[in-house]
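The values are calculated or read from the model by the stated rules, or taken from the named source; none is laboratory data. Keep in mind it's a predicted model, so treat the numbers as computed, not measured. All Cβ positions, glycine included, derive from the backbone under ideal geometry; neighbour counts span all protein chains shown. Remember, those area values only see protein heavy atoms, side chains included, never the ligands or the DNA or RNA. Shrake-Rupley method; radii C 1.70, N 1.55, O 1.52, S 1.80 Å.
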Amino acid sequence: MTSDIKILVVDANPIRAAIIEEGLREAGFNAIVRVGETKGLVAAIMQHDPDVVVIDLENPSRDALADMFQVSRHVRRPITMFVDQSDAGQIEAAVEAGVSAYIVDGLRKERMKPILQTCISRFNAFSKLREELDEARSQLDERKLIDRAKGIVMRLKGLGEDEAYALMRRTAMNEKRKLADIARSIITAAEVLK
């Protein structure tokens, strides 16, 4: 983790914001921008383009957590949230909203660096899992397309499963296209010719 990481601090309380900023500076982070409220947070994140977002809400309301959900859906960034009080429902809502580190009653400047490191590591791990899940879903969808197209080729050409697959694969190689693209074309043509 380098000191050139840009951090957006969101805090309406200037005293608490100063604690966060001081802790970040003492930890070696100098690129810090502060905004005073969560309203318009997506726009602020887009404007400042931070690497990490640190939010202090003291006592998060359901509306504030709903705002976090909007932020995490539109802008994928590691988010650390400091609160004074919480319950299981709020913690669950914050995690679902994409908050990487949810710190209850732990706003101390000397804890900023390890908390930020944990937040970023957790965000990166979750992002990797999300990418792997998306890739697995994409492969499954492609496999379903290929199987469906293979069934169409088998029926129309009177071929066995292996022969139909080989024909589709040969066509994909000859046309320098992905097998899934050939499958889509076969399915589309079959739908048109019904």
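In the stretch 180-190 there is no residue that is part of a helix (DSSP H, G or I), under 30 Å from R76 (Cα atoms), open to solvent by 50 Å² or more (accessible area, probe 1.4 Å) and basic (K, R).
No other residue among R111, R137, R155 is in a helix (DSSP H, G or I), in contact (Cβ under 8 Å) with a residue 40 or more places away in the chain and open to solvent by 30 Å² or more (accessible area, probe 1.4 Å) apart from R111. L193 meets all of the listed conditions (1) under 30 Å from the mean Cα position of the chain (by Cα); (2) open to solvent by 70 Å² or more (accessible area, probe 1.4 Å); (3) of a type in the set (A, V, I, L, M, F, W, C) but one, namely (1). Report whether or not V71 is in contact with a Leu (Cβ under 8 Å, 6 or more places away or on another chain), in a helix (DSSP H, G or I) and without any contact (Cβ under 8 Å) to a residue 60 or more places away in the chain. Criteria met by V71. Figure legend. Inter-residue proximity from the stretch 27-44: first residues under 13 Å from P14 (Cα atoms), second residues of a type in the set (F, W, Y), beta-carbon distance below 7 Å, spacing 6+ or different chains. No pairs are indicated.
Please determine, by comparing only the residues of the stretch 119-134 that are exposed (fewer than 12 other Cβ atoms within 10 Å of the Cβ) and among the basic types (K, R), which one is farthest from A180 (Cα to Cα).
Initially, the stretch 119-134 is screened for residues exposed (fewer than 12 other Cβ atoms within 10 Å of the Cβ), giving 125, 128-134.
With the extra rule that they be among the basic types (K, R), the set shrinks to 128, 130.
Numbers: K128: 24, R130: 22 Å.
The selected residue is K128.
Evaluation of L116 against the conditions (1) modelled with pLDDT under 95; (2) surrounded by fewer than 16 Cβ atoms within 10 Å (Cβ to Cβ) shows that the sole unmet condition is (2). Of the residues making up the stretch 41-69, those that are of a type outside the set (A, V, I, L, M, F, W, C) and modelled with pLDDT of 70 or more are Q47, H48, D49, P50, D51, D56. Count of the stretch 78-108 residues, restricted to those that are open to solvent by less than 60 Å² (accessible area, probe 1.4 Å), among the β-branched types (V, I, T) and out of contact with any Ser or Thr (no Cβ under 6 Å at 6 or more places or on another chain), is 4. Of the residues E135, E163, E96, only one is farther than 22 Å from V9 by Cα and within 27 Å of the chain's Cα centre (by Cα); which? After applying the criteria, what remains is E135. Selection of the stretch 84-108 for residues being assigned to a loop (DSSP other than H, G, I, E, B), touching a Lys or Arg at 6+ places or on another chain (Cβ under 8 Å) and under 19 Å from S121 (Cα atoms) yields G98, S100. If the condition is being open to solvent by 10 Å² or more (accessible area, probe 1.4 Å), closer than 16 Å to K6 by Cβ and either in a loop (DSSP other than H, G, I, E, B) or among the acidic types (D, E) (or both), then the stretch 28-59 contributes G28, N30, A31, D49, D51.
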